[in-house]
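Comments concern the structure below.
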Amino acid sequence: MNGRSILILPLVLVLVAALFSGAEARQAAGNTTWPLSYIRRPCTWISIRPTGGGPPAVVCYGVTGRTATINVPTAWLSDRSPELSLVNLPTFFNVEWDPASMSAEDSRPLTISYPVGNPTDKLINVRVQLRLVALPAVGYSLIPSRLVSGNLRVETPDPLYLLKSDDRSELHAYACDAPTPMHADLSVNPLFLVPTTYGGYGTPGCAAIERSLADVGANLPRDVPSGFGSAERYPGWTSIEFPRILAFTPYASIRGEGLDHGSPAFQIKAGTRFIIQARVIWDRHEERHESVTSDCQWSYRNHYDFIDWTRWPDPIYCRNNVTVYWDTFCTPADGNCPYGSPNDWWLSSEPIELWAIRGPDGAYGETYDFVSVQSQALLTTP
């Protein structure tokens with residue numbers, strides 16, 4: 001997938017009418033229109049960095065000239081069984097959010113002064129932040145090739161059935177139930193009639209396959225880590241409702257759309273739906289002040305600001321000494337800035353659905369491709 005840019009839609013800000021008054025003769029301290037120019041446009045450009053050696057990421061080229069990034073949480077097929085997928089034999093997968101795909105990095109902070117040359121205002125530690133807000137996945141979960149949980153949908157374009165491991169539908173019975181002697185003609189998985197002593201799975205076969213999956217303990221399922229602040233950077237993201245799934249097909253993967261080590265392969269895809277939100281924020285807004293003190297000396301007679309005759313016979317040639325100092329005009333975190341609260345500074349993108357998945361081998365991609373082979377000649381007892 002090539003990187004792509006995202007349009008950020010401006011929010012409508014309700015401003016006090018005084019903020020739109022005519023231009024003043026000079027730049028006043030406590031400028032309120034200048035910070036709004038940053039609030040209205042935190043990013044000059046936003047793009048999505050595709051999967052490669054890691055999860056996909058959203059990159060904001062900030063109005064400060066520095067970038068902010070946030071990873072897109074990626075569905076992870078963290079383990080599978082069996083390693084070799086056979087026609088009509090279900091392949092089980094553990095499904096969780098990849099913990100390595102949940103992190104964000106704000107743009108490096110800097111101090112911005114205004115106007116250039118003789119500033120009256122400063123914004124201290126200005127940085128751009130990103131967050132991803134989950135949106136419900138689009139699609140019906142009753143389709144046998146699609147599973148939906150929150151803002152995640154797992155599906156396949158191939159002749160492949162995807163089922164929750166606790167599914168007890170007729171399709172699940174067809175995939176997992178061994179035939180009885182009275183209904184031998186219903187057999188779909190001869191390996192389930194082969195005892196483990198002969199290399200089969202025995203009965204019940206699906207349970208035996210599922211038990212061979214790695215036990216990931218508390219990581220199954222995995223919530224968005226609270227340590228980074230899930231409510232702050234990933235609002236609405238929840239744990240996956242189906243921690244285990246099975247993939248089942250009556251066809252060899254020669255009919256698949258993918259490729260695995262040069263062989264035709266079936267594909268499993270995972271799409272997450274969300275909007276990108278960006279904002280610019282700073283620690284405090286400072287304003288310039290001047291303190292003027294007078295100093296009088298006879299040596300100033302050739303270079304003075306004024307003459308103070310009331311000081312006679314003391315020195316009457318005086319200079320004004322100006323001391324510049326900066327006071328805090330407002331602090332956004334305290335909610336006392338006239339241009340609003342940082343909670344209202346998030347600007348939103350259009351809804352996005354991004355396809356990315358991490359396979360059991362740890363590799364990231366737009367799809368997970370695996371081979372299913374036809375081996376019916378081997379599915380008999382000695």
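The values are calculated or read from the model by the stated rules, or taken from the named source; none is laboratory data. Only a predicted model underlies this, so the values are computations on that prediction, with no experimental measurement involved. With ideal geometry, Cβ positions are generated from the backbone for all residues, glycine too; neighbour counts draw on all protein chains shown.
One residue is enough: does the range 340-363 have a residue meeting the conditions over 22 Å from Asp106 (Cα atoms) and hydroxyl-bearing (Ser, Thr, Tyr)?
Looking for residues that are over 22 Å from Asp106 (Cα atoms) and hydroxyl-bearing (Ser, Thr, Tyr), one finds none in the range 340-363, hence no.
Only residues that are part of a loop (DSSP other than H, G, I, E, B), touching a Cys at 6+ places or on another chain (Cβ under 7 Å) and closer than 22 Å to Val324 by Cβ: list them for the range 292-314, please.
Listed by number, the residues that qualify are Tyr304, Asp305.
Exactly one of (1) crowded, with 19+ Cβ neighbours inside 10 Å; (2) closer than 20 Å to Ala270 by Cα; (3) among the aliphatic types (A, V, I, L, M); (4) at pLDDT 95 or above is unmet by Leu135. Its number?
Among (1) crowded, with 19+ Cβ neighbours inside 10 Å; (2) closer than 20 Å to Ala270 by Cα; (3) among the aliphatic types (A, V, I, L, M); (4) at pLDDT 95 or above, the lone unmet condition for Leu135 is (1).
Scan the range 49-91 for residues that are assigned to a strand (DSSP E or B), of a type in the set (S, T, N, Q) and in contact with a helix residue (DSSP H, G or I) (Cβ under 7 Å, 6 or more places away or on another chain) and jot them down.
Within the range 49-91, Asn71, Ser81 meet the criteria.
Taking only the range 245-272 into account, find how many residues are in contact with a helix residue (DSSP H, G or I) (Cβ under 7 Å, 6 or more places away or on another chain) and surrounded by fewer than 21 Cβ atoms within 10 Å (Cβ to Cβ).
Counting residues in the range 245-272 that are in contact with a helix residue (DSSP H, G or I) (Cβ under 7 Å, 6 or more places away or on another chain) and surrounded by fewer than 21 Cβ atoms within 10 Å (Cβ to Cβ) gives 1.
So which residues in the range 308-332 are farther than 30 Å from Asn31 by Cα and among the hydrophobic types (A, V, I, L, M, F, W, C)?
Within the range 308-332, Trp309, Trp312, Ile316, Cys318 meet the criteria.
Got at least one residue in the range 163-185 being touching a Ser or Thr at 6+ places or on another chain (Cβ under 7 Å) and at pLDDT below 75?
Start the filter on the range 163-185 by keeping residues that are touching a Ser or Thr at 6+ places or on another chain (Cβ under 7 Å), which leaves 178-179.
This time we only want the ones that are at pLDDT below 75, so: 178-179.
The answer is yes, given that some residue of the range 163-185 is touching a Ser or Thr at 6+ places or on another chain (Cβ under 7 Å) and at pLDDT below 75.
Here's the yes/no breakdown for (1) modelled with pLDDT under 95; (2) of a type in the set (Ser, Thr, Tyr); (3) buried (at least 17 other Cβ atoms within 10 Å of the Cβ):
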residue	(1), (2), (3)
Pro42	no, no, yes
Arg49	yes, no, yes
Cys60	no, no, yes
Thr69	no, yes, no
Asn88	yes, no, yes
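For the range 337-351, how many residues meet the condition of being buried (at least 18 other Cβ atoms within 10 Å of the Cβ) and in a strand (DSSP E or B)?
Qualifying residue count, the range 337-351: 2.
Of all residues in the range 63-120, which are of a type in the set (Asp, Glu) and under 20 Å from Pro360 (Cα atoms)?
Initially, the range 63-120 is screened for residues of a type in the set (Asp, Glu), giving 79, 83, 96, 98, 105-106.
Listed by number, the residues that qualify are Asp79, Glu83, Glu96, Asp98.
Which of the residues belonging to the range 215-270 are at pLDDT 90 or above, under 14 Å from Glu155 (Cα atoms) and small (Gly, Ala, Ser)?
Ala247, Ala270, listed by residue number.
Would you mind finding the one in Thr323, Thr293, Thr272, Thr310 that is of a type in the set (Ser, Thr, Tyr) and touching a residue at least 40 places away in the same chain (Cβ under 8 Å)?
Thr272
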